[in-house]
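Values quoted throughout were computed directly from the atomic coordinates according to the rules given, and no laboratory measurement underlies them. Just so it is clear, the model here is predicted, and its values are computed rather than measured. So basically every Cβ, Gly included, is an ideal-geometry build from the backbone, and we count neighbours across all protein chains shown.
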Amino acid sequence: MTNEMLQQWVERVSLQYFGRPFKHQATFNGRLKATGGRYFTKSHHIEISPHQLEAFGKEETEKIIKHELCHYHLHLLRRGYRHRDADFKLLLAQVGGSRFCKSLPERTARKPIPHKYKLICKRCGMEYLRKRKVDPAKYVCGKCRGKLSLIMLDIEDMP
Ligand SMILES: [Zn+2]
Ligand SMILES: [Zn+2]
């Protein structure tokens with residue numbers, strides 16, 4: 001299948017299931033291996049993995065096309081176009097798109113809490129980073145069992 005055929009395919013699916021035209025570009029990208037497709041929020045282009053087509057056939061690939069078109073149309077309509085958005089979930093279910101795609105950078109990864117405190121052993125100088133305030137009197141150095149003191153780190157000192 002050529003890129004031109006893919007383009008026509010995406011345009012057809014767009015009109016048939018979304019009632020809206022796909023006015024941007026759809027291409028195959030052989031480097032997409034772990035994911036079936038991608039939608040680019042800047043260019044509005046869609047990329048589909050040819051490996052998906054080889055491995056699972058047209059039916060599965062069409063589900064991926066629908067998935068990417070959900071991102072595409074909702075994004076252009078300024079609706080919730082991310083995987084976690086209710087708009088996206090609803091539209092995906094309506095058109096019967098594939099649930100899987102790793103195209104968009106999801107904001108699920110939470111930032112780790114930075115270490116704000118440091119326990120320092122008064123005897124051997126061993127340091128222990130802590131995220132929350134702790135009472136140094138309740139702990140002893142794990143290395144030499146010496147007494148500890150607590151220091152609050154400055155932002156610049158944070159690892
Ligand atoms: Zn997706
Ligand atoms: Zn120590």
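Tabulated data for the structure shown
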{"quantity": "Sorted by Cβ neighbour density within 10 Å, fewest at the top, the residues Cys70, Cys121", "calculated": "Cys121, Cys70"}
{"quantity": "Virtual spin-label span in nm between Asp85 and Arg130, 7 Å along Cα→Cβ", "calculated": "4.4"}
{"quantity": "Principal-axis tilt of helix 3-13 within the chain, Cα atoms, nearest 10 degrees", "calculated": "90"}
{"quantity": "Footprinting exposure proxy for Val10, Val95, Val140 (fewest neighbouring C-beta atoms within 10 Å first)", "calculated": "Val140, Val95, Val10"}
{"quantity": "Degrees, to the nearest 10: 86-95 long Cα axis against longest axis of the chain", "calculated": "30"}
{"quantity": "Kirkwood Rh and Cα Rg combined as Rg over Rh, evaluated for the chain", "calculated": "1.34"}
{"quantity": "Helix axis angle, 50-76 relative to the chain longest principal axis, alpha carbon, degrees", "calculated": "80"}
{"quantity": "Lysines with Cα under 21 Å of Lys131, excluding same-chain neighbours fewer than 8 positions away", "calculated": "Lys111, Lys116, Lys118, Lys122, Lys143, Lys147"}
{"quantity": "Potential lengthening between Glu4 and Ala93 on full extension [0.36 nm per residue; Cα-Cα distance subtracted]", "calculated": "29.3 nm"}
{"quantity": "Amide hydrogen neighbours beyond the local backbone of Leu153, cut-off 5 Å, H modeled", "calculated": "Tyr117, Lys118"}
{"quantity": "Distant-in-sequence amide H partners of Ala26 (H built 1.01 Å from N, under 5 Å)", "calculated": "Ile46"}
{"quantity": "Full-extension gain in nm, Arg12 to Glu54, via 0.36 nm per residue minus C-alpha separation", "calculated": "13.1 nm"}
{"quantity": "Residues Leu76 and Ile113, FRET efficiency given R0 of 41 Å [Cβ-Cβ distance, rounded to 0.05]", "calculated": "0.65"}
{"quantity": "Candidate lysines for bridging to Lys63, where Cα separation is under 16 Å - those fewer than 8 sequence places away on the same chain excluded", "calculated": "Lys89, Lys102"}
